[in-house]
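First up is the structure itself, then whatever we jot down about it.
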Amino acid sequence: MKPIKYLELLKQSLIITGKNKVLWIFGFFSLLGTSFNFKWTADDKNNNAGESIINFMQQHPGIFIGICIALVALCIIFVILKLIGNAAIIKSANNIAVYSQSTFPKIFSEAKKYVWPMFLLGFIVTISLAAIFFVMLVPILFLFLLKAYVLAVLILLVAIVIIIPLAIIAYFLQRYGYYYIVLGNMKTRMALESAYGIFRKNVRESLLMCLIGIGLNMLVAMAAFACLLIIAIVAAPFGFLAYWIFLKAGAIAVVIIAGVIALVILVTLFSWYASFMQTFWVLFFQQISLEKKEKKTIEELEAEIKVPSPETV
């Protein structure tokens, strides 16, 4: 197999996402689905928040149920948008010459048909990994309850050694499976089988790609932090000046304006980065899958040469 030119793929991804801003919108969709989390945290010093929720639930059960339904619906919408965004970027980046001339509504409409297969594939991979983890966890917890700590810790270490490779395989099954669904119009089972086959033949290249992605994540995180720091440094003098002239109201206004500017910059940065990374992975997938196609073509040609023509018999 020819060596993967990762730097060249990075340059191509930068060019594609730089010239096609519509991908940033789909990157924003992907960002929405990734960042949406409903977290409940209680204050250790004042634990009245939990009681307040319980009281509100008892006093207004209808409103509470409505809020829960709205949150679940919002979560589903964001997950759907994430899948549409991923499918749209995969489809566009795979043939940017064609899709750069297409409009947002057309790309969005075409990407919608892949939502259910992608969701089903992700669900299967996640549930399978969770089931394996649960099966491993039960005997470990049982040993801890029996106070067999040494044996429990040993089995826990073995479970960790097993679960980490499985988690890595699950990650690539889902990622490559998405590409086979969107680019190859494959069914879920066939996409999973193809994803495992191409990962098995490109383990080293895939892991190296993943490490490059982690490094890029760190760079973008540092860039985001630098943006926030610059905004804070620039806004600080204006904040003090506004506080001196308008007191607390002026300082609050400056903080709000700086916060809005920071939010716009960060959303733009992460939306671009989501589209950039997805494009980078698509170009990488093209490289490793192209080698396989070339081998098949050579084998087919050799088979045609070996099989005698009926006319010559």
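Coordinate-derived values only; no laboratory data. This is a predicted model, so every value here is computed, not measured. With ideal geometry, Cβ positions are generated from the backbone for all residues, glycine too; neighbour counts draw on all protein chains shown.
Quick notes on this one:
- Evaluating kT/(6 pi eta Rh) at 20 °C and 1.002 mPa s, with the Kirkwood radius of segment 54-99 over Cα pairs in the Stokes-Einstein relation, gives 163 µm² s⁻¹.
- Peptides 113-124, 279-290 ranked from most to least packed by the mean count of surrounding Cβ atoms within 10 Å: 279-290, 113-124.
- Set Lys11/Lys187; Lys19/Lys82; Lys5/Lys187 screened for pairs whose C-alpha atoms are more than 29 Å apart: Lys11/Lys187; Lys5/Lys187
- Under 11 Å from a label point set 7 Å out along the Cα-to-Cβ vector of Ile162, the amide N atoms of segment 126-152 belong to 132-140.
- Taking the square roots of 5 times each eigenvalue of the Cα gyration tensor of segment 75-215, largest first, gives ellipsoid semi-axes of 37, 17, 13 Å.
- When each of the peptides 79-85, 142-148, 202-208 is scored by how many other beta carbons lie within 10 Å of its residues on average, the order from highest to lowest is 79-85, 202-208, 142-148.
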